[in-house]
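Structure record follows, encoded as structure tokens.
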């Protein structure tokens, strides 16, 4: 009893300290020094405090207040600000949090898998790029890679960084070159939120409830749930064998990894959904190529999920079509990567304010990570500059529009030619194949007509019914418009592909 008397005051003090700590106003790590706020729109600022606590947020001449709910969550909406800064943001409740060196400009999400994660340091001419990377008005925040089924509110190690020769090497290369082009073209600060995760699958970026409600992904979700159940059973075994332990370790890696449905949505994305942005750029699809037909629905579902939860309407969403990869083939044939590119292209017809940067000319057959990220960033920047900033430049790659059969030939029409066709190092277009009703494709001759239509034929196919262009993992193709934007890979047929039944 005597010991308890000594412990009672100590416990009371510890309890008070714990209550005080819980009551402190706190913001997630998307709000740190050097952050960039989106210009000319209301921006959400949110955090935690004690239930019922009044929180006051001040920036510039603005002051906003909110009361934390029963769950301790609060938020305010900042009134729109013009590009500029720097500002300080002060958040006051039982304590005061001050965030300094805040700029206002253009903010973009940079997301996807390894080709978006790929850093400036790993790209071509990294030494030269670093020498000239004195851009104090370009900032980036890199989020850690955490896979979980439980939403993560903050990431302790994430913070905004100012672009310098020392820091730029750790920036997403595609994100940096995209952002630098915007900064140079618009003369405003640019903020880049990099949450890419190498090897990630599209389904990992989607809220599980959205996947469940859609109804097309029951098998995917069931498989994930079965793995989790098996892991629980193995973990509970008191007589586990070495084989059981190995299987459990493998399951744990899968369950915390970047393919499990909703894992990245909860573990990474959830912590900054709602932060004020202009739009998103995306480079992903390699991990879903074996399920390309499924991607036709899965990818637009992900985009719409983000838009719905971000609360900023249909913000612009631009992606990179898969580059050329794997060994070249001598004869035309089927290709899962071609089918994934097709699924990406089809997304533009399903959702507004979307666009695609075609890079079928700048991949590396020997490496799934092409080092030329400058041109990737620039092609994405063309889309944003043309569509969102009112700059009159060509942005979208030419795209197949329609076909007309003329006896033993097929004549193709296209959108977005924007002047005239050009070819790579050859003096004629290559990359086209043609087939009759037997569905056997052969290489075709291509002739440019005066009105920019392209005539396709082959002596081996007397009665053609279908044409394909750049239809391979790593196709030989060379057709561009005058601004060197590649013709989008396409096919005129809708014959079932090699991934049609893969779920």
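Observations on the model:
- Computed from label points 7 Å out along Cα-Cβ, the spacing between residue 44 and residue 249 is 4.1 nm.
- For region 218-260, the gyration tensor built on C-alpha atoms gives a prolate shape. Its axis ratio a/c (a ≥ b ≥ c) is at least 1.5, and a/b is the larger of a/b and b/c.
- Acute angle (nearest 10 degrees) that the helix 2-23 long axis makes with the longest principal axis of the chain, alpha-carbon atoms: 40
- Length released on extending from residue 222 to residue 127, taking residue separation times 0.36 nm less the Cα-Cα span: 29.4 nm
- Length added when fully stretched, residue 439-residue 186, from 0.36 nm per residue minus Cα-Cα: 86.1 nm
- Shape category assigned to region 414-494 from the gyration tensor of Cα positions, a/c cut at 1.5: prolate
- Over the C-alpha trace of the chain, radius of gyration and Dmax come out as 26.3, 104 angstrom.
- Residue 79 paired with residue 209, simple spin-label distance in nm, labels 7 Å along Cα-to-beta-carbon: 3.4
- The C-alpha atoms of the chain define a longest principal axis, and helix 292-310 lies at about 40 degrees to it.
- Mean separation of Cα contacts under 8 Å (6+ apart) over length of region 367-496, as relative contact order %: 26
- Sorted by Cβ neighbour density within 10 Å, fewest at the top, the residues 141, 273: 273, 141
- The chain, relative contact order in percent, only Cα pairs under 8 angstrom and at least six apart counted: 13
- Computed [θ] at 222 nm, deg cm²/dmol, the chain (DSSP H ≥ 4; -39,500 (n - 2.57); rounded to nearest 500): -9000 deg cm²/dmol
- Whether region 171-230 is rounded, prolate or oblate, judged on the alpha carbon gyration tensor where a/c under 1.5 counts as rounded: prolate
- The ranking of 30, 391, 360 by Cβ neighbour count inside 10 Å, starting from the fewest, reads 391, 30, 360.
- Separation of the residue 238 and residue 392 label points, Cα + 7 Å toward Cβ, nm: 8.1
- With Cα atoms, 0 to 90° folded angle of helix 173-186 axis to the chain main axis: 90
Where a number appears in this text, it was derived from the coordinates with a stated rule and is not lab data. Being a predicted model, the structure only gives us computed values, none of them experimental. Virtual Cβ from ideal backbone geometry, glycine too; neighbours counted across all protein chains shown.
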